[in-house]
Amino acid sequence: MDLSFIRDPATVRSRVYVGALAEGTTRKEMEDYFQKYGSIVGVVVNRGFGFIQFESEECAAAVLQDKHGMIHGKKIFVKPAQTGIGSNRPAAQNNVPKPTGVWDAADPSQPPPMAPAPIPWTGAYLRKPDFGAGLMNIPPISYPSWMVVPGRNDCEIIVVSKALTAYAEAIESHLKRLGLLVDLLYPNDDVPIGKVLGNISSRGCLYAVLVTPQNEEHRSITVNILYGQPAEHRNMPVEDAIKFIAENFREKVKRDTIASQAALPTPIATTQALPITPIATHTLKDKHPDHIQSLLVLLAENRMVTVLQYDKIIKYLNERREMQLKVELGDEAGTATAILEEQAQHQKKQQQELDLQQKILSILNGPSITGSSATNTKPPLAPDNPNRENTIRLLQDPKVQKALDTVLKSTLLQSLDVSF
């Protein structure tokens, strides 16, 4: 197929970039998915991304305005294509040299750059031996569905200057090809990087990549691991850094998958027939719902969750507790729950009575039953005591009378010096 037209800047507004393609995606699958938006004149599929060339700009605009699902078993995303197949960035201006040593798996028809002679700039990133040649052999990472949290990225690339966009997008394309959800972030100049990292971490992001002019010059990046025990790896060679992120993420997915499977109760191995009971216990053996599993993983990694997320976890655990109570107590579960509630109410009532008794004792031990100055040492019920009426009203309170009866029947008055 002649793909020269798909590099034409004049047709760029009718072209759509498709990212996060699964390994093995075919042109036929791309055509079948996007043909509903209009006539397709060309398709390019590469490892991890591709392009769709429509006959009109209206068709491309309809694609960009719609929400998209999965192709070949993996969720895709789309954005406007820009001049140069594979570059997805603005066309190079006249007399502006292309960035050296950067590629983002551009045109599959381009031969590997084995020759030392420079390859002419055509508006696309071309493979360079110092960046990317060793990354194409890394297999994509299988991403479990329960790890997907809407609105959360696996990695965010902090770009301190828009002049670094080309370098950052090259890194982004490699991470996306490996299966990570990645996005670029352009913070304001007056916001400290530490605060930016804190905001990214609070959103549940696993990795943050910092790109500075010095990083582009030396073909390096700084990698921050934000989950578990935070760590910073400064100025790593870019290929080593991407391999490190891929391996770290692969291991995390493996650990989380094993942990989720280990959370399921193990069946009891026995040769004796288990007694049949009418209590349905199979729900306790079911795997936690995906959204609950994700929240439990966040808590296990000591990461931030919102109040609403805490409420969801508490509600879910209370439901599990009720099911476990029925399993352990059988038909007596309802009676046991009522007894526990009754005991709690009784303990609360007893505590209130004890508090009232303590207040009465503190009043009787003090110089005044109404809290007047310490210089007034007259008995509370003395005829010439100005607070006598208040004391009488207080003693007529049924709750106070009950508390006084309890105090009089106890041995507490033995240590009091009270005159009537």
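Some observations on this one:
- Largest accessible area first, the listed residues 11, 222 line up as 11, 222 when surface is computed with a 1.4 Å probe on the assembled protein chains.
- Structure note, pairs 254/287; 74/162; 195/243; 79/195; 176/243: Cα-Cα distances above 20 angstrom occur for 74/162; 195/243; 79/195.
- Modelled label positions at residue 311 and residue 354, each set 7 Å beyond Cα in the direction of Cβ, lie 3.4 nm from each other.
- Taking a ≥ b ≥ c as the square roots of the eigenvalues of the Cα gyration tensor, region 144-268 is classed as prolate, since a/c reaches at least 1.5 and a/b is larger than b/c.
- Sequence ranges 290-300, 175-185, 193-203, 227-237, ranked by mean other-Cβ count within 10 angstrom, highest first: 175-185, 290-300, 193-203, 227-237
- Under 5 Å between amide hydrogens, built in the peptide plane, is the criterion, and for residue 141 it picks out 179 among residues at least 5 positions away or on other chains.
- Charge-dipole axis of region 143-263 as Lys and Arg at +1 and Asp and Glu at -1 on Cβ define it, positive-most pick from 215, 204, 192: 204
- Shape category assigned to region 148-188 from the gyration tensor of Cα positions, a/c cut at 1.5: oblate
- Net charge over other residues, Cβ less than 12 angstrom from the Cβ of residue 247 (K, R count +1; D, E count -1): +2
- Solvent-accessible area of residue 72, all protein chains in place: 90 Å² (probe radius 1.4 Å, heavy atoms, ligands and nucleic acids excluded).
- The accessible-area ordering, largest first, of the residues 243, 28 stands as 28, 243, per a 1.4 angstrom probe.
- Here residue 322 sits with roughly 80 square angstrom of accessible surface, probe radius 1.4 Å.
- Cα gyration tensor, region 175-221 - rounded (a/c under 1.5), prolate or oblate: oblate
- Ligands, DNA and RNA aside, residue 152 has an accessible area near 30 Å² when probed at 1.4 Å.
- Here the extension length gained between residue 261 and residue 232 equals 7.4 nm, from 0.36 nm per residue of separation less the Cα-Cα distance.
The values are calculated or read from the model by the stated rules, or taken from the named source; none is laboratory data. Source: prediction; values computed, not measured. Please note: Cβ atoms are built from the backbone with ideal geometry, for glycine as well, and neighbour counts cover all protein chains shown. Remember, those area values only see protein heavy atoms, side chains included, never the ligands or the DNA or RNA. Shrake-Rupley method; radii C 1.70, N 1.55, O 1.52, S 1.80 Å.
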